[in-house]
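The values are calculated or read from the model by the stated rules, or taken from the named source; none is laboratory data. On a predicted model such as this, the values are computed, not experimentally measured, just so you know. Ideal geometry is used to build each Cβ from the backbone, glycine not excepted, and the neighbour counts take in all protein chains shown. Note: accessible area is taken over every heavy atom of the protein model, side chains too, but ligands, DNA and RNA are not part of it. Shrake-Rupley method; radii C 1.70, N 1.55, O 1.52, S 1.80 Å.
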Amino acid sequence: MFENKTTTSCENNLLTVESLSVTIRNSRKKLIHNLNFSIPQGEIFGLVGESGSGKSLTATVILGMLSKSLEVTSGSVTLGQSEITSLSERELRNIRGRDIAYLSQNYQSFFTPFIKVGQQFIEIIRCHTDMSRKEAKKVAIHWLNKVHLPAERVFNSFPDELSGGQLQRASIASAIMFRPKLIIADEPTTALDVLTGERILDLLSELKEELNCSILLISHDLKHIIKRTQTVGVMYGGQIVEIGKTSAVVANPIHPYTNLLLQSRLRLNKHIQHELPTMLGEPGLIAEEGCPFTKRCPSAMESCSNKVPMNSLGKHHSAACHLVNAEREERYVTR
């Protein structure tokens, strides 16, 4: 589900991001603008957008690991009953790992290269519990098995003795062994081949069902978002420009940025396009006022330079675009 002024809060939301803005300290430059979304218990929420749109920065705020050069200037991030942005560093350390697990796109640097994987698992477990080394090893072996790895061999291996897929699975095992409520998967298939990437996402979906946790899946790969998520938020220039049930957004994209993203997908059918649709301008070209996509938008109009509110197109679909009103009028005429 999602949160904006046209929706109401849902009691079973695990994570709620409300009116969140992040600014460069001692500057007026905003990197995230008035972000609103929520993730219900047991669902996969997707954040999609090109590099630099603010997806990973959003994850950093949720983890409470924002750089000292940045600051949250408004809004809140709530996980269960905990307001993340108001917690001390000690309280945040208790939440990270136990309640929130993070899967980085750079899985190759997840483990220290000169320490065996098993030793690193034991250190992580004993950091959060009072288990003996023998008990910690049993837990590590259990979770390595859970992610379909040859547990004993991986436990006794150095990171550079494992393949990319094995390293990513081992990092998943490390992240989920405390049964987190929320998994943040930030580009988890980066640098993996297509088949290995699909297996990793299959594994995450399988573990979500078993643990009844929620997943924030961050990606610029539309096929993963469309196939895996129940709800999607499309980000551009630090703002969510369209949000809703994934099926509704894919079937009827309103914001021109969403529409162009979907059109740019290569479809393997009898009618192969010689040229894929392209966007005007350079990636990262952001309008300072109004809709951030105005400078690249093929449908831009004079009113786009004004603040564009999030408008509802239905119960499960909203977009911050003036075209929403045109869509409503078209629906009314065709009734």
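Structure data summary
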quantity: Residue in the range 169-176 that is over 15 Å from residue 96 (Cα atoms), part of a loop (DSSP other than H, G, I, E, B) and open to solvent by 10 Å² or more (accessible area, probe 1.4 Å) present; calculated: no
quantity: Of the criteria (1) open to solvent by 40 Å² or more (accessible area, probe 1.4 Å); (2) in contact with a helix residue (DSSP H, G or I) (Cβ under 7 Å, 6 or more places away or on another chain); (3) farther than 20 Å from residue 229 by Cα, which one residue 77 fails; calculated: (1)
quantity: Near pairs, Cβ below 6 angstrom, 6+ apart or cross-chain, from the range 141-154 (within 14 Å of residue 175 (Cβ to Cβ)) to any residue that is β-branched (Val, Ile, Thr) and surrounded by 14 or more Cβ atoms within 10 Å (Cβ to Cβ); calculated: 144/154; 147/172
quantity: Matching entry among 162, 92 (being modelled with pLDDT of 90 or more and open to solvent by less than 80 Å² (accessible area, probe 1.4 Å)); calculated: 162
quantity: Residue list for the range 178-188, filter: under 13 Å from the mean Cα position of the chain (by Cα) and open to solvent by 10 Å² or more (accessible area, probe 1.4 Å); calculated: 187
quantity: Every pair of residues 6+ apart whose Cβ atoms lie under 6 Å, when the first sits in the range 195-219 and is at positive phi while the second is among the small types (Gly, Ala, Ser); calculated: 212/42
quantity: Verdict on residue 282 being open to solvent by 10 Å² or more (accessible area, probe 1.4 Å), within 29 Å of residue 180 (Cβ to Cβ), charged (D, E, K, R) and out of contact with any Asp or Glu (no Cβ under 9 Å at 6 or more places or on another chain); calculated: no
quantity: Residues of the range 9-53 satisfying the condition of being in contact (Cβ under 8 Å) with a residue 60 or more places away in the chain and outside any strand (DSSP E or B); calculated: 41, 42, 43, 49, 50, 51, 52, 53
quantity: Residue in the range 123-130 that is within 19 Å of the chain's Cα centre (by Cα) and under 30 Å from residue 81 (Cα atoms) present; calculated: no
quantity: Residues satisfying the stated conditions in the range 117-157, i.e. open to solvent by less than 70 Å² (accessible area, probe 1.4 Å) and either among the polar types (S, T, N, Q) or not in a helix (DSSP H, G or I) (or both); calculated: 119, 120, 129, 131, 132, 147, 149, 150, 157
quantity: Residues within the range 10-61 that are of a type in the set (S, T, N, Q), at pLDDT below 90 and surrounded by fewer than 18 Cβ atoms within 10 Å (Cβ to Cβ), tallied; calculated: 4
quantity: Members of the range 22-40 that are within 15 Å of the chain's Cα centre (by Cα) and of a type in the set (S, T, N, Q); calculated: 36, 38
